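Accompanying notes for the structure given below.
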C-alpha cells in the first residue's frame, strides 16, 4: 500500500516535466516552489526568477489543470467501475454499463451540432449522461424480476439507443467542421481542460467519491449476494441507488471534461484486486490511486508519443486491452 | 417464544400460492426441521422467515413484534440466515467473509474494528475452520463453505439460526459434522430452523419436525410422531422403514428394498453369472 501511495505524487511531479513545450525540470521545480517560498515572510528563502513567463504559463495554466483532470478522471472512473463490479457481482462491468457514456456522448454531439460553446457542450454531456442512467433505472423498474440483471439489460437498451442517436448526429453533421469535432470529442482528450472546467466538476467528484469511500466496507456484502446482504441487515435497494447515483455523477463528470474514455474503469479495479485483494475497504483507496496513476501515464503518452496529440480513448484501449489479457492469464485473478 | 408464525401465506405472482395457512412457534434452544419434496416451498418459507420476502397473508412475530414493522437491521440482529451454497464472484478470504456477519452491529459508514474481528474469529473457532481463514471462499470445499456461512451467521450473534438445506451438496461425513455443530449451537442457546432432504437427520437433531406438502404443513410435532412410514410415503412416494436401532440408540429411517433397485442380498452368495445374464433382460 505504501508503494501505491508514494507512486501517485511521484508520477504527478514527473508528468509536469513532459510536454510539447520544453521546460527544463529545474525550471519546473522552481516554478512550482516559487509561490510557496513567496509566502514565507521576511524573504528567508528566495528563488531567482530565471524562467520565462511562457514557461510559467505552460506549467500553471496548461499542465497543472490537465494533470489534475487526469487524476480526477482516472481515480473517478476506477472507483466507479470497482463499485459497479461489486453492485452487479460481475468483474466484467465498467462504469458506463448503465448507458452514461452513450448518453453523455450524445449530449456533447448534439451540442456541437447546434454550435453551442464549450461550457454548454460540457453541461449538455453531463445532463444527457444523467438522463440516460435515469431512463435505464426507470426502465428496469417496469420489470419485476432479478433487479441487477434487468438493470444491466436496460443499460444495454439505453446505450444502444443513444449510440444510434450519436450516429444520427454524425450523419447530419457538416463533414468539414462539425463531424471531426464530434469524432474527436468522442475519442476523449484532456488537452483543453482549464481551471473553470475543473471547478465545475470537482464538487461532484469529491462528494460522490467521498460517499463511496464511506460505505465501501458494505459494498463487500452486496458483492456476495443481495439476499445475504439483506439478511445481514442492509437495505440493498437503497444502497444500490446510492452506488448508482454516485458512480453516475463521477462518470458523467469525467466524460464531460475528458470525453469518452473506456477501459480504465474495467482494468484498474482488477489491478487493484491483484495488489490488495477483493476487500473493498482496501480496494477502493487502491483503485483511486492506481486509476489516477494509470491516467497520468496514459495522458503523458498521449502528449509525448507523436507530434500531434493521440486521443485518450484510443490509448486507454491500446494499452488497456493487452494489459487486461495479460491479467487474465495470471492465476491470481481469482474469479476464473 | 422468539418466533411466532400465524397463518402465513406467500405467492410470487397472482396465480399460484406457494404456501398458506402455516402456523408454528419456536422457543429458545428449539430445533425445528422442515422436510418436504423438492420445489414445495421450503426455501421460500425460510426466506420469508428471514424477512427477505414479505408475506402475502398471516404474520410473523419476532419477540412479539410484527416482522413488517422492523427494518432489515433489527431483524438481522435476531435472525441469522444461512442460504444454500452459491457461487461467489470475488475471492474474499474466509475471514473477510465471516466478518461480514458483523454488519447489523455496525453503523452505516463504519467498517469492522478490533472487537468485530475478535468476534468473527470466535465464530470461526465455533465451527472449527481456523485452518482455512486465509483461503479464498471460492477455493474451499463445499463442506468448508457451508461451515463458513454458518460462522458468518454466528458472527451476527443472532438468537435464531435459519438454515436452508445445510446438508445438501455435502459428503456423508460433512453432513454429520454440520448436524453435530448445529446441535451443539442449539444446546448452547440458539434456536434453529433448518430445512432438509434427509428424514433421518430429523432424528439426529430436532425437537420438532414439520413436513411440508401441498403448500402447507401436513404434519408438525415431535420427530418420532411426525417422521412415520405413512407420512413419508405420502410425502415422497417411497416406502421407508422407521425402526428403533439398539446399535445406535435412536430411531432410524431407511428406504425399503423396493422392486426398482437390485440390492445385493448379504445372505445370498456373491453375484452369480445367472444374475448377470438376467441384467440385459431387465433393462
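The values are calculated or read from the model by the stated rules, or taken from the named source; none is laboratory data. None of these values were measured; they are calculated from a predicted model. With ideal geometry, Cβ positions are generated from the backbone for all residues, glycine too; neighbour counts draw on all protein chains shown.
Worth a mention:
- Meets criteria (farther than 19 Å from residue A:257 by Cα, surrounded by fewer than 18 Cβ atoms within 10 Å (Cβ to Cβ) and at pLDDT 95 or above) for residue A:142: no
- The condition (being over 30 Å from residue B:124 (Cβ atoms) and within 18 Å of the chain's Cα centre (by Cα)) is satisfied by just one residue among B:227, B:192, B:238: B:227.
- Residue within region B:24-44 that is assigned to a helix (DSSP H, G or I), surrounded by 14 or more Cβ atoms within 10 Å (Cβ to Cβ) and within 14 Å of chain A (Cβ to nearest Cβ) present: yes
- Residue check, residue B:47 at the interface with chain A (Cβ under 9 Å from one of its Cβ atoms), out of contact with any helix residue (DSSP H, G or I) (no Cβ under 6 Å at 6 or more places or on another chain) and within 13 Å of residue A:230 (Cβ to Cβ): yes
- Restricted to region A:167-278, the set of helices (runs of 4 or more DSSP H) holding at least 1 residues that are buried (at least 21 other Cβ atoms within 10 Å of the Cβ) and within 12 Å of another protein chain (Cβ to nearest Cβ) comprises A:195-214, A:216-224, A:226-231, A:236-258, A:264-276.
- Residues located in region A:118-154, provided they are under 29 Å from residue A:194 (Cα atoms) and outside any helix (DSSP H, G or I): none
- Checked against the criterion of being in a helix (DSSP H, G or I) and either touching a strand residue (DSSP E or B) at 6+ places or on another chain (Cβ under 7 Å) or more than 10 Å from every other protein chain (Cβ to nearest Cβ) (or both), region B:100-107 contains not a single residue that satisfies it.
- Flag for residue A:284 being assigned to a helix (DSSP H, G or I) and modelled with pLDDT of 95 or more: yes
- Subset of region A:82-117 that is within 14 Å of another protein chain (Cβ to nearest Cβ) and surrounded by 24 or more Cβ atoms within 10 Å (Cβ to Cβ) - its residue that is farthest from the chain's Cα centre (by Cα): A:86
- The residues of region A:192-224 that are within 15 Å of the chain's Cα centre (by Cα) and under 16 Å from residue A:313 (Cα atoms) amount to a single one, A:193.
- Filter result (surrounded by 21 or more Cβ atoms within 10 Å (Cβ to Cβ) and under 23 Å from residue B:117 (Cβ atoms)) within region B:159-184: B:161
- Within region B:163-262, strands (runs of 3 or more DSSP E) holding 2 or more residues that are within 26 Å of residue B:153 (Cα to Cα) and in contact with a strand residue (DSSP E or B) (Cβ under 7 Å, 6 or more places away or on another chain): B:191-195, B:208-213
- Look at (1) without any contact (Cβ under 8 Å) to a residue 12 or more places away in the chain; (2) in contact with a helix residue (DSSP H, G or I) (Cβ under 8 Å, 6 or more places away or on another chain) and you find that residue B:184 fails only one, number (2).
- Checking residue A:81 against (1) in contact with a helix residue (DSSP H, G or I) (Cβ under 6 Å, 6 or more places away or on another chain); (2) at pLDDT below 85, the condition it does not meet: (2)
- Test for residue B:155: is it buried (at least 21 other Cβ atoms within 10 Å of the Cβ), more than 15 Å from the chain's Cα centre (by Cα), within 14 Å of chain A (Cβ to nearest Cβ) and within 28 Å of residue A:233 (Cβ to Cβ): yes
- If you go through region B:108-124 and keep only what is outside any loop (DSSP other than H, G, I, E, B) and surrounded by fewer than 13 Cβ atoms within 10 Å (Cβ to Cβ), you end up with B:114, B:115, B:118.
- Members of region B:50-99 found to be in a strand (DSSP E or B), within 11 Å of chain A (Cβ to nearest Cβ) and under 22 Å from the mean Cα position of the chain (by Cα), listed by number: B:79, B:80, B:81, B:82
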